[in-house]
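Taken together, the values in this text are just the output of simple stated rules run on the coordinates, not laboratory data. Nothing here was measured: the structure is a model prediction, and the numbers come from that model. When we count neighbours, we look across all protein chains shown, and the Cβ atoms used for this are built from the backbone with ideal geometry, even at glycine.
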Ligand code: ADP
């Protein structure tokens, strides 16, 4: 980046470094030189303007020339061989050591975005860091790292080792935190320098493009922060038509902002290594030399890089080891909850009522199980309505599988009302609906963070107000952090996710079971219907035989039989009649389940007046007053069947009534389920405990001879008819005052 392109206060905010294209600086560091070549003829198409200084001649003589004009065959052959072995874009590869012009160079080659890039790094410059016994040192270093049992001890050892290798004044292990800021986790520092251990750095100190490059190259070294950038000539690569992509180049010039930042920290030389954990950028090992520029040779750098790789590999292992016990506890609690849920089929019981439950799972002050928008709370939680509002907000956000924050009020302002209870939230949706959730709340965790300088002012503005500089002050700036909870650990987030999928799996399994049960039920229902039909049909025949035979005996033999015997045979005849009636009902009921419906337009006014005609004599005899609240609508139904329902309900209303003035009312009203029909009487009523059982077959509440009752099948058949019409029937009744039977017809 040239100075002219420098971000100014007018065009940029603090994050503008995030947009800086630091991989295209069009310039290099000065402790060596760079050439960009066109393949396959190996013509030099770009060169650092310092190349002639080392190669001889002028820049014009260097550009456009083939490589063999300047280098010996051996080197060219080695470059070609290395590039054939590594055809892809990737980090610079050490080709060899060579000398020309009386100087020694390490030669590196790599390809990037269509260019072959050669870099010549001067060896003797500012040499620091001895390379003796490197192998033995690395070996011992790794053994020491492996022995450490905690992550902290391990990082402490790692920084100490690297300081021993390189002789830098300061080596730090720096961790990126979730909000993008960073903290110094371990430090080895020479005597006489202020420690940086524990200090926090704002996210803007290491902008996004730099982070991207950290993932691409393992080690970056800037021997002299005060270097003068060397321009690449021409600035535009003639092959690509763009500035040369130096993403992988060792000599890539660094951002002016960054150099200034390091200078402000009192650093003269730096080396930075990337630490990855499970493939993700975890942090850096940053080495600073304060007293003088310091050039670490390629071999020592390789050893350091090797150590950094080891640290990256062991990071996950150490962390896992430390989280092992907690993970085991989470697993046990989870299996307990899930297995209880599987047995009881009751989430509230399994997750809230029983221990261990939601509160014993991830470390939280309170938890809520929200089913159909209704929360069941445990521990310290916001009020039920606040939880409901929160769930609505989550539902509207539409997080697909998990939502976690340690700073809820930053995204959901209402949470500002209860920071002491829920500054942190971990939420998992557990159902198909938008309002089934499990939530964990974490209280506010007030703490002081020591920032290396004011994080709200990561840059200074020049006197003329035109330019931004990295801040000059790293004086400790204390921040009291409020409305934030302790962050959710990765193990906790993973465990919550796992709980979610276990519960969903359980729900699916239960739905499958239910479906299987339903299928079984349907089958046995059909079988029962068939059985009832056959049984009642076949039983009628012998019953008729018994009836007729008894009748004959009565007619022919009543003179010769004793009075007692005649009475007994009369009872047999009565019983067979009753039996016949029962069988008729059963047959009718069974047919109801088997026969198809003849659905059509059905005028209920007409149907009702026909029904009342049929019942005219009984109405008259009972002296009942029948009130119709009409007109009734036309419905889509099997008219004959609905007529049966009306007949049964009205005749019951007439029958089960011992009042002087009997009243039967028939009508309809609009309800939640559409039109609801009713048949109301002021009769004897039905006790609450019988209001459901009267719909079971052959269930009568009275002896048959009272109220002129029937067989007890009428309401069962009525229910079946209405269910087949996708409707339902129910009763509301007060004993002694009367009953109202209501029904719906669902068919559209
Ligand atoms: P039944 O043929 O005996 O009338 P139902 O199936 O129609 O058979 O009714 C079942 C039982 O419910 C009846 O025996 C009676 O005890 C009770 N019942 C039905 N309708 C009424 C009503 N309107 N008021 C009081 N009890 C009723």
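Here are some notes:
- Our summary gives the chain a relative contact order of 9 percent, counting only alpha carbon pairs under 8 angstrom and 6 or more residues apart.
- At an R0 of 41 angstrom, the distance between the Cβ atoms of residue 510 and residue 363 translates into a FRET efficiency of 0.85.
- Potential lengthening of the chain between residue 345 and residue 86 amounts to 87.3 nm, from the contour at 0.36 nm per residue minus the alpha-carbon distance.
- Cα convex hull volume per residue for the stretch 566-629 (Å³): 133 Å³
- Descending semi-axes in Å of the stretch 175-334, equivalent ellipsoid built from Cα gyration tensor: 32, 21, 15
- Tensor-based shape of the stretch 332-458 (alpha-carbon gyration tensor, a/c under 1.5 rounded, otherwise prolate or oblate): prolate
- Helix axis angle, 298-344 relative to the chain longest principal axis, alpha carbon, degrees: 10 degrees
- Rounded if a/c under 1.5, otherwise prolate or oblate - the stretch 566-690, Cα gyration tensor axes: oblate
- Debye intensity ratio I(q)/I(0), log10, the stretch 255-301, q values 0.16 Å⁻¹ (C-alpha model): -0.56
- Extension gain, residue 215 back to residue 327 (0.36 nm per residue minus Cα-Cα distance, nm): 37.4 nm
- Label point of residue 146 set 7 angstrom out along Cα-Cβ; within the stretch 258-302, no amide nitrogen lies under 11 Å from it.
- Derived value for the stretch 128-223: Kirkwood hydrodynamic radius 15.0 Å. Basis is the mean of 1/r over every pair of different alpha-carbon atoms.
- Stretched out straight at 0.36 nm per residue, the stretch from residue 570 to residue 482 would grow longer than its current Cα-Cα span by 22.3 nm.
- Shape annotation for the chain: C-alpha extents along the principal axes are 150, 57, 53 Å, from largest to smallest.
- Remark: C-alpha extents of the stretch 208-302 on the principal axes read 39, 36, 28 Å, sorted largest to smallest.
- Per-residue packing, averaged as other Cβ atoms within 10 Å, sorts the ranges 629-637, 281-289, 116-124, 668-676 into the order 281-289, 116-124, 629-637, 668-676, beginning with the highest.
- Shown is the FRET efficiency for residue 732 and residue 401, computed with R0 = 60 Å from the Cβ-Cβ distance and rounded to the nearest 0.05: 0.85.
- Cα gyration tensor, the stretch 324-397 - rounded (a/c under 1.5), prolate or oblate: prolate
- Degrees between helix 151-166 axis and first principal axis of the chain (Cα, 0 to 90, nearest 10): 20 degrees
- Cα centroid of the stretch 237-259 to Cα centroid of the stretch 474-503, whole Å: 38 Å
- Relative packing of peptides 374-381, 323-330 - highest average C-beta neighbours within 10 Å first: 374-381, 323-330
- Projecting label points 7 angstrom from Cα along Cα→Cβ for residue 634 and residue 291 puts them 10.5 nm apart.
- Modelled spin-label separation between residue 372 and residue 124, with each label point placed 7 Å from Cα along the Cα-to-Cβ direction: 8.7 nm.
- Our compactness index for the stretch 258-397, the C-alpha radius of gyration over the empirical 2.2 N^0.38 Å, is 1.74.
- Highest average first, the peptides 540-548, 199-207 ordered by how many other beta carbon atoms sit within 10 Å of their residues are 199-207, 540-548.
- Each part gets one Cα centre, and for the stretch 399-433 versus the stretch 49-75 those centres are 63 Å apart.
- Each label was represented as a point 7 Å from its Cα along the Cα-to-Cβ direction; for residue 74 and residue 614 these points are 11.5 nm apart.
- Cβ-derived FRET efficiency at R0 60 Å, residue 577 paired with residue 517, nearest 0.05: 0.90
- Helix 604-614 and the longest principal axis of the Cα set of the chain meet at an angle near 30°.
- Sorted largest first, the principal axis extents computed over the alpha-carbon atoms of the stretch 79-120 equal 33, 17, 14 Å.
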